[in-house]
Amino acid sequence: MDFLRRLDPILLLSTLGLVGMGIVMVYSASFPVGTERMGDPYHFLKKQAFAAFLGMVLLLAAARLNYRIWKVLALPLLAGSVGLLFLVFVPGVRQQIGGAYRWLKISSFSFQPAELAKLALVIYLARSLTLKEGRMESFSVGFLPHVIVMGILFLLVPKQPDFGTGVLFVTV
């Protein structure tokens, strides 16, 4: 557990506090709906608490990783997230919520591939900009490849439709 000493305590406590407040807010907002529709006032609280627990486990696992691994994982993460964004257009895999096809459903677990794509884009850009450090002035090396990647993500997301996330991809 030596890696726990390397964690920033203020950042960790802030994260735990925000996650805890989020769980309380979900419970507060969903208590009547859970009671009425699911027959369990704690239905959404349980789902959110499980997701928060899973997120904290993943956070601690990521904190244990050597940060250099992200350089290796950048391209596979980006390619995988683009593939998942394409899956949103495949009937049977996608899930419609609120009239939009932004979600993938695997068993009882649903997620938005655009959220993974946001993380993958930041990791890819960090890797790419680091590798091209001395050649950033060149249009074809320092600008164009990044715009193409952001453009692909931008074009995929509004088709779901999720224009706000698409704009976020372009402004990163």
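Coordinate-derived values only; no laboratory data. Predicted model, so just to flag it, every value in this text is computed and none were measured. With ideal geometry, Cβ positions are generated from the backbone for all residues, glycine too; neighbour counts draw on all protein chains shown.
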Item checked: Label-point gap, in nm, between Phe109 and Val90 - each point 7 angstrom along Cα→Cβ -> 1.7 nm
Next item on the list: Treat each spin label as a single point 7 Å out from the Cα along the C-beta direction, and report the Ser28 to Val167 distance in nm.
Entry: 2.8 nm
Margin query: Test of understanding: what is the full-extension gain from Thr35 to Phe139, defined as 0.36 nm times their sequence separation minus their Cα-Cα distance?
Written below: 31.7 nm
Next item on the list: Per DSSP H run of at least 4 residues, take -39500 (n - 2.57); add these up for the chain, divide by its residues and hand me the 222 nm value, nearest 500 deg cm²/dmol.
Entry: -21500 deg cm²/dmol
Checklist line | Given (i) 42, 38, 33; (ii) 46, 39, 31; (iii) 60, 46, 25, the label whose value is Cα extents along the principal axes in Å derived from this model | finding: (iii)
Next item on the list: Subtracting the Cα-Cα distance from 0.36 nm times the residue separation, let me have the gained length for Leu65 to Leu155 in nm, one decimal.
Entry: 29.2 nm
